[in-house]
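*Asks:* Can you keep this structure in mind? I'll have questions shortly.
Read-outs: derived from the displayed coordinates by stated rules, not from any lab. Since the structure is predicted, the reported quantities are computational estimates derived from the model, not experimental observations. FYI the Cβ positions are ideal-geometry reconstructions off the backbone, even for glycines, and counts take in every protein chain you see.
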Amino acid sequence: MVVDNASTDDTSGYLSRLTSQHKNIKVIYNNQNVSFAEGCNQGARMDRGDYLLFLNNDTRVTQCWLDEMLSVFKDEEKVGIVGSRLLYPDGRLQHGGVVLTLWGQLPLNIDVNLEPVVPRALETREIFAVTGACMLVKKDLFFDCGGFDEEYIYGYENIDLCMKVSQRNYKIFCAP
């Protein structure tokens, strides 16, 4: 399931060609750019799998990336969400997970812009939250939590979802 959120380049043409060759790929074409949360929820409602993968359109994946994320669900107990480490094109770390500050009030991306990437960012680890740019979640849990809260227009819907998942005693992991 792919949601084309009113792209302005040739994405819709590419997706049209792709779906004509692969009948199992379904696309929702939005006439206007809706929020990240709303677009993800649209796709989630139409999906038929056991897991939902949210992946931003500017993300480049590496070989075996999805297998590594899925293995966390198999290797750990009570996993609700697995996110992925994200790198900038120059190799610096863009995302390695989200923690709460010392005051426990503000979420903070950790280890951002470090070069070389710090060793702890290369390990699978339990974390407070992960970005929605690359997030794998159990479908039934996603809907049990109400999906992404569409009141969040410009971010933090991922933090909100991770908090709801944690409140249900499931764990959040960031995988390399």
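*Asks:* Can you tell me the relative contact order of region 1-101? Whole percent, Cα pairs under 8 Å, sequence separation 6 or more.
*Replies:* Rounded, it is 19 percent for region 1-101.
*Asks:* Which longest uninterrupted range of the chain lacks any GluC sites (Glu not before Pro) assigned by DSSP to a loop state (not H, G, I, E or B) and surrounded by at most 15 other Cβ atoms within 10 Å?
*Replies:* 1-75
*Asks:* For region 132-149, just list the computed ³J(HN,Hα) in residue order, Karplus coefficients 6.51, -1.76 and 1.60, θ = phi - 60°, integers in Hz, with x standing in for Gly and Pro.
*Replies:* Karplus-based 3J(HN,Hα) across region 132-149 equals x, 5, 8, 9, 10, 9, 5, 4, 5, 5, 4, 6, 4, 7, x, x, 6, 6 Hz.
*Asks:* Take the Cβ-Cβ distance between T8 and D75 as r, set R0 to 45 Å, and report the resulting FRET efficiency rounded to the nearest 0.05.
*Replies:* 0.65
*Asks:* Could you check the spin-label model distance between E126 and N31? Points 7 Å from the Cα along Cα→Cβ, value in nm.
*Replies:* Roughly 4.8 nm, to one decimal.
*Asks:* Continuing with this model, one more query. Scanning the chain for chymotrypsin sites (Phe, Trp or Tyr not before Pro) in DSSP loops with at most 11 other Cβ atoms within 10 Å, what's the longest stretch left with none?
*Replies:* Counting at most 11 other Cβ atoms within 10 Å as exposed, the longest clean stretch of the chain is 1-102.
*Asks:* Related question: For a Förster distance of 25 Å, can you work out the FRET efficiency between the beta-carbons of Q21 and N57, rounded to the nearest 0.05?
*Replies:* 0.80
*Asks:* Would you kindly derive the ³J(HN,Hα) couplings of region 17-27 from the backbone phi angles with the Karplus curve 6.51 cos²θ - 1.76 cosθ + 1.60 (θ = phi - 60°), listing them in order in whole Hz, with x for Gly and Pro?
*Replies:* 5, 5, 6, 6, 8, 10, 5, 7, 8, 10, 10
*Asks:* Moving on to the next point. Over the C-alpha atoms of region 14-85, what are the Rg and the largest Cα-to-Cα span, Dmax, in Å?
*Replies:* For region 14-85, the Cα radius of gyration and maximum Cα-Cα distance read 14.4, 41 Å.
*Asks:* Run the reach check for K164 against lysines, Cα to Cα strictly under 27 Å, same-chain hits fewer than 8 apart removed. What comes back?
*Replies:* Output for K164: K74, K78, K138, K139.
*Asks:* Further question: In nm, to one decimal, how far is the Y156 label point from the Y88 one, both placed 7 Å along Cα→Cβ?
*Replies:* It works out to 2.6 nm between the two label points.
*Asks:* Now, a different point. Using only alpha carbon positions, build the gyration tensor of the chain, then give the equivalent ellipsoid semi-axes as the square roots of 5 times its eigenvalues, largest first, whole angstrom.
*Replies:* Output for the chain: semi-axes of 26, 19, 17 Å.
*Asks:* Same structure again: Evaluate the relative contact order of region 51-95 (contact order divided by residue number), counting alpha-carbon pairs under 8 angstrom at least 6 apart; express in whole percent.
*Replies:* It rounds to 20 percent for region 51-95.
*Asks:* So if a site counts as exposed when it's one of the trypsin sites (Lys or Arg not before Pro), its DSSP state isn't H, G, I, E or B, and it has at most 10 other Cβ atoms within 10 Å, what's the longest stretch of the chain without one?
*Replies:* The answer is 79-176.
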